[in-house]
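Notes follow once the structure below has been shown.
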Amino acid sequence: MAEARALPVDEYTQIEGFVSVPAGTFVTATGDFGFAIQDDTGGIYVSLYEELKILIGAKIRVIGKIAQVSKQTVLVTNVTGPELLQGIEAVTPKDVATGEVNESTEGLLVRVKGIVSNPIVEDKPYGIKAYVDDGSGEVEIYVCFAGDKPLIDTTKLTKGTAVEITGFAQQYLDRYEIAPRGAVDLVIVPPPSP
């Protein structure tokens, strides 16, 4: 995956990996039915403009063209591009500090722990922005909509709440973000008992 990510824009390549974000999860923000895959060397978002059922953990081979979308490296393919291979593997998120979500983590499934540092901001019709900081620097949590509801319960993201958030590390222009995939990607950390 790292080799594909290093290719110049418009270069065609073939990659194999395991699905970390199911197809169509981020459709309200991306406008496509893409998914994400990763291997031991890295991860990438695969932009797909036709709906296809691809689930977490599936082993996939994809042929496509490298592109930059709002400064994020993506692989653009079509419905004939993804090929389901034998094998399923649980994709484990990489634990990172909030201040470490950057180009080196882009395309990976990551997990951060920290405190909600600011009130949420609505970014309709695409999603909701939240902010988490573990002391190493604030990271934006970008929560897409599924229909008219956010993928995670953003009412729990009140300033000062301790959380653990898993999601896809992505770039939008000059910001790096974490995009949760669903309800299981948000854990409220209970305060320590006295």
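The values are calculated or read from the model by the stated rules, or taken from the named source; none is laboratory data. Because the structure is a prediction, the values reported are computed rather than measured. Cβ coordinates were reconstructed from backbone atoms using ideal geometry, including for glycine residues, and neighbour counts include every protein chain displayed. Surface accessibility is based on the protein's heavy atoms, side chains included, excluding ligands, DNA and RNA. Shrake-Rupley method; radii C 1.70, N 1.55, O 1.52, S 1.80 Å.
Below are the figures for this structure:
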| item | result |
| --- | --- |
| Qualifying GluC sites (Glu not before Pro) in the range 98-194, DSSP loop, other Cβ atoms within 10 Å at most 15 | Glu103 |
| Alpha carbon Rg of the chain, scaled by the compact-globule rule 2.2 N^0.38 Å | 1.00 |
| Sulfur and carbon atoms: percent of accessible area, the range 94-194 [1.4 Å] | 55 |
| Rounded if a/c under 1.5, otherwise prolate or oblate - the range 79-154, Cα gyration tensor axes | oblate |
| Lys/Arg +1, Asp/Glu -1 at C-beta; the chain dipole; positive extreme among Val96, Gly182, Phe168 | Gly182 |
| Karplus (6.51, -1.76, 1.60) ³J(HN,Hα), θ = phi - 60°, over the range 137-144, in Hz, Gly and Pro reported as x | x, 6, 10, 7, 9, 9, 9, 6 |
| Value of [θ]222 nm, deg cm²/dmol, for the chain, DSSP H segments ≥ 4, -39500 (n - 2.57) each, nearest 500 | -500 deg cm²/dmol |
| Distant-in-sequence amide H partners of Ser136 (H built 1.01 Å from N, under 5 Å) | Thr98, Gly99 |
| Contact order relative to length of the chain, as percent, for alpha carbon pairs under 8 angstrom and 6 or more apart | 18 |
| Among the listed pairs Lys71/Lys159; Lys129/Lys156; Lys65/Lys94; Lys71/Lys94; Lys94/Lys159; Lys129/Lys159, those beyond 19 Å (Cα-Cα) | Lys71/Lys159; Lys65/Lys94; Lys71/Lys94; Lys94/Lys159 |
| The chain: most fluctuating residue of Tyr176, Tyr142, Tyr49 per GNM, C-alpha cutoff 10 Å | Tyr49 |
| Within the range 95-115, backbone nitrogen closer than 11 Å to the virtual label 7 Å beyond the Cα of Lys71 toward Cβ | 103 |
| Most mobile listed residue (Val116, Val69, Val46) in the chain, GNM with C-alpha springs under 10 Å | Val69 |
| Sparsely packed trypsin sites (Lys or Arg not before Pro) within the range 36-93, loop by DSSP, other Cβ within 10 Å at most 16 | Lys53, Lys71 |
| Residues listed by number, the range 171-194, amide nitrogen under 16 Å from Thr158 label point at 7 Å toward C-beta | 188-191 |
| log₁₀ of I(q)/I(0) at q = 0.18, 0.22 Å⁻¹ - the range 1-88, Debye sum with one point per alpha carbon | -0.67, -1.04 |
